[in-house]
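The values are calculated or read from the model by the stated rules, or taken from the named source; none is laboratory data. Note that the structure is predicted; figures quoted are calculated from it, not measured. Cβ coordinates were reconstructed from backbone atoms using ideal geometry, including for glycine residues, and neighbour counts include every protein chain displayed. All accessible areas refer to the heavy atoms of the entire protein, side chains included, with ligands and DNA or RNA removed. Shrake-Rupley method; radii C 1.70, N 1.55, O 1.52, S 1.80 Å.
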Amino acid sequence: MKSKLLSAPYIVWMILFTLVPLGVVFYYAFADVNTGQFTMANLANMGTYTPIFLRSIWLSLAASAICLVIGYPVAYYISQTKPTTQRFLSMLIMLPMCMSFLLRTLAWVALLEDTGIINRLLSNFGIGPLPLIRNNGAVILGMVYNYLPYMILPLYSVMVKIDRRLIEAAQDLGCNSRQVFGKVIFPLSVPGIISGISMVFVPAVSTFYISQKLGSTGTTLIGDVIESQFKGAYNPNLGAAMSLVLMVLIFICVGIMNHFGEDNSEEGMVTI
Amino acid sequence: MRKVNKIFTILVFIFLYIPMILLAIASFNSGTDIAVFKEFTLRQYGNLFRDSTLLALLRNSLIIAVLSSLIATVMGTAAAVGIHSMGGRMRSVIMGVTNIPMTNPEIVTGVSMALLFAFIGHLLKINAILGFGTLLIAHITFNLPYVILNVMPKLKQMDPDLKEAALDLGCTPVQAFFKVVIHEVMPGILSGALMAFTMSLDDFIISYFVTGSGFITLPVEIYNYTKKPIQPKIYALFTLMFAVILTLMVLMNLLQLRDSKKKATTQRKDFMKR
C-alpha cells in the first residue's frame with residue numbers, strides 16, 4: 001500500500017509540468033492577443049496556413065518513407081551479425097544522436113551550397129553548379145540524415161528479438177530465403193516499423209532548424225511559423241493555436257499507425 | 001544478397017558520418033570556410049580554450065544535465081516502484097501521461113512550458129521568469145519518462161519472491177528496497193540516468209523556448225552562433241565532444257562485454273557443478 005505513495009511526487013510533477021502546460025496551450029489558443037477574451041480567431045486563422053501544414057506533412061512523410069527504405073536493410077544486416085559486432089554497430093548508430101544536430105546540419109550546408117564541396121567537385125568535371133540547397137529535396141535530405149538513427153534502432157531492436165527457431169521452422173517447412181523474409185521476418189518486424197515511422201515523423205513534421213538552414217522561404221514548415229511566433233513576431237496566441245493543431249495532427253497520425261500495429265508499442269522501445 | 005546488404009550498410013554509415021568528419025577536419029583548418037581547406041593548424045583549439053564564455057556555457061550545460069538527470073533518476077525510480085505496485089487501470093493512466101512528453105513533438109513541449117512560465121510570471125508579476133529554474137524544471141520533465149521507461153521493464157522482470165523473501169527475513173520494506181530491489185533494477189536505473197543525462201546535455205529545442213538571457217546552455221548558444229558567420233572554434237569544440245562521447249561509448253561497450261563474458265563463465269561453472 002505504502003509503495004504507491006512513492007509515485008506521488010512524480011504524479012504531482014507530471015500534472016504541474018505536463019498536463020497543466022497543455023491546458024495553458026488551450027487557454028492561449030482560445031484567447032485574444034490583446035484583450036485575453038475568448039475568441040475563435042486564432043484557430044480560424046489556421047486556414048491561411050493550410051499550405052504550410054500540407055507541406056510539413058508531405059515532406060516528413062517522404063522523409064519517413066525514405067528512412068524506412070534505407071533503415072530496414074541496415075537494421076536487418078546489423079541484426080544478423082555476431083553479438084559483439086551488433087553492439088559495436090548499434091553504438092555507431094547511436095553516436096550521432098548524441099552530437100549537436102545543429103552543427104551536423106550546418107555541415108550539410110557546406111556540402112550542398114552553390115560554392116559547397118559537392119559543387120566544387122562537380123565543377124572539376126565541368127558540371128554545375130547544381131541547385132542542391134534551398135529546396136524541398138534538401139529539407140528531406142536533412143530530415144533523413146537527422147532522424148535515420150531513430151528508424152534503425154527500433155527496427156533493429158525488434159529484429160534481434162525474432163526467435164531463430166521460427167526462421168528454422170520456416171526453412172524446414174520448405175520456405176526459401178525470400179519466403180522466410182516475407183512470411184516470418186517482415187510480419188514480426190511490423191511493430192518496429194510502426195515505432196520507427198512515428199519516431200521519424202514526429203520530430204520531422206515539427207522541425208524548424210532543418211528547414212531554416214537547408215530550405216528557403218518557399219519551404220517554410222509549421223515549426224518555423226511556431227518558432228517565429230515566440231521568438232520573432234511575438235504572438236503567443238497564434239503560436240499556441242498552431243501548436244494545438246500540430247498536436248492534434250500528430251495524435252491522429254500516431255493513432256492511425258498504432259491501429260495498424262495493433263498495440264505493440266512496447267516492443268519497439270529504444271533502450272540502451 | 002548478404003554482400004549487397006553489407007555494402008549498403010557501409011554506405012549508410014558513411015552517409016551518417018561524413019558531416020561529422022567534415023566538421024572534425026574543419027577544426028584543423030586555418031580558414032573559416034568548411035569547403036576550402038587552407039592549411040593545418042591547431043589554432044582553433046587554442047582559441048577555444050581561451051574563450052571563457054564558451055567554457056562557461058559548457059559548464060552551464062553540464063550543471064543542468066547533472067542536476068536534472070539526478071533528480072529525474074531519483075524521482076523516476078521511486079515513481080516506477082510505486083507504479084509497479086498499482087492496479088491495472090491506475091497504472092495505464094499514469095503510463096499514458098508518462099508517454100505524453102515522448103510522443104509530443106519537442107517544440108510543443110517547449111512552447112507549452114514557455115506559455116506556463118509566461119502565465120505564472122504574469123500572475124506573480126515577475127518579468128524575467130525564464131532562466132536557471134525554468135530550464136531545470138523543463139529538463140527534469142523531459143528526463144523523467146526515460147528513467148521510468150528504463151526502470152519499469154527491470155521491475156517487471158524481477159522475481160517478486162526476492163522481495164517477499166527479504167520481508168520474511170525481517171527486512172522493513174525500505175530495507176528490502178535498498179538491499180534487494182535496487183540491485184535487481186540497477187541496470188535499468190543506470191541506463192535511464194545515462195539516457196537522461198545525454199538527452200539533457202544535447203537538448204536544444206525545449207531549452208531554446210524556456211531559457212532566458214540570464215542562463216544559457218551550450219546548444220542554445222550554438223544556435224545563436226550558427227545565425228552569424230560561424231567561428232571555427234565551434235568546430236574544435238564539436239570535435240572534442242565527439243572524441244569524449246566516442247571514448248565513453250567504447251568504454252561502456254567494453255565494460256558490458258566484460259560483464260557478459262563474466263556472466264557466461266559463471267553460468268558455465270554453475271553448469272559444471274551440477
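Quick look at the numbers
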| quantity | calculated |
| --- | --- |
| Single residue of A:S189, A:S157 found to be within 29 Å of A:I93 (Cα to Cα), more than 14 Å from the chain's Cα centre (by Cα), open to solvent by less than 10 Å² (accessible area, probe 1.4 Å) and of a type in the set (S, T, N, Q) | A:S189 |
| Restricting segment B:185-234 to residues that are more than 11 Å from chain A (Cβ to nearest Cβ), among the β-branched types (V, I, T) and closer than 30 Å to B:L42 by Cα, the residue that is least open to solvent (accessible area, probe 1.4 Å) | B:T217 |
| Criterion violated by A:L59 - all others in (1) open to solvent by 40 Å² or more (accessible area, probe 1.4 Å); (2) more than 8 Å from chain B (Cβ to nearest Cβ); (3) under 21 Å from the mean Cα position of the chain (by Cα) satisfied | (1) |
| Residue in segment B:160-177 that is open to solvent by 40 Å² or more (accessible area, probe 1.4 Å) and under 20 Å from B:A65 (Cα atoms) present | no |
| Filter result for B:L70 (more than 12 Å from chain A (Cβ to nearest Cβ), under 29 Å from B:L237 (Cα atoms) and open to solvent by 20 Å² or more (accessible area, probe 1.4 Å)) | yes |
| Filter result for the condition that a residue is under 30 Å from B:G121 (Cα atoms) and either part of a helix (DSSP H, G or I) or not charged (D, E, K, R) (or both), over B:I206, B:I230 | B:I206 |
| Selected residue (criterion: nearest to A:Q212 (Cα to Cα)) from residues of segment A:248-258 that are within 9 Å of another protein chain (Cβ to nearest Cβ) and touching a residue at least 40 places away in the same chain (Cβ under 8 Å) | A:I250 |
| Filtered residues of segment A:93-113 (kept if within 27 Å of A:S79 (Cα to Cα), open to solvent by less than 10 Å² (accessible area, probe 1.4 Å) and more than 7 Å from chain B (Cβ to nearest Cβ)) | A:I93 |
| Pairs where the first residue, in segment B:10-33, is in a loop (DSSP other than H, G, I, E, B) and the second is open to solvent by 10 Å² or more (accessible area, probe 1.4 Å), C-beta under 6 Å, 6+ apart | B:S27/B:T239; B:F28/B:F40; B:S30/B:K38; B:S30/B:E39; B:S30/B:T41; B:G31/B:K38; B:T32/B:P232 |
| Of all residues making up segment A:4-30, the number that are farther than 18 Å from B:T109 by Cα and open to solvent by less than 30 Å² (accessible area, probe 1.4 Å) | 1 |
| Qualifying residue in segment B:108-115 (condition: of a type in the set (S, T, N, Q), within 19 Å of the chain's Cα centre (by Cα) and open to solvent by less than 10 Å² (accessible area, probe 1.4 Å)) | no |
| Within segment A:240-272, tally of residues that are at pLDDT 55 or above and among the polar types (S, T, N, Q) | 2 |
| When residues of segment B:34-52 are limited to those that are without any contact (Cβ under 8 Å) to a residue 40 or more places away in the chain and assigned to a helix (DSSP H, G or I), the one nearest to A:M94 (Cα to Cα) | B:F49 |
| Verdict on B:F40 being touching a Leu at 6+ places or on another chain (Cβ under 8 Å), open to solvent by 40 Å² or more (accessible area, probe 1.4 Å) and more than 14 Å from every other protein chain (Cβ to nearest Cβ) | no |
| Residues of segment B:118-146 satisfying the condition of being closer than 22 Å to B:L57 by Cβ, part of a helix (DSSP H, G or I) and more than 9 Å from chain A (Cβ to nearest Cβ) | B:F132, B:G133, B:T134, B:L135, B:L136, B:H139, B:F142, B:N143 |
| Exclusive hit being open to solvent by less than 50 Å² (accessible area, probe 1.4 Å) and in contact (Cβ under 8 Å) with a residue 40 or more places away in the chain, set A:V74, A:V33 | A:V74 |
| Count - residues of segment A:213-229 that are at the interface with chain B (Cβ under 9 Å from one of its Cβ atoms) and crowded, with 22+ Cβ neighbours inside 10 Å | 4 |
| Residues of segment A:167-186 that turn out to be open to solvent by 80 Å² or more (accessible area, probe 1.4 Å) and in contact (Cβ under 8 Å) with a residue 12 or more places away in the chain, as a count | 1 |
| Residue that is farthest from the other protein chains (Cβ to nearest Cβ) [pool: residues in segment B:239-260 that are free of Cβ contacts under 8 Å to residues at least 40 places away in the same chain and hydroxyl-bearing (S, T, Y)] | B:T247 |
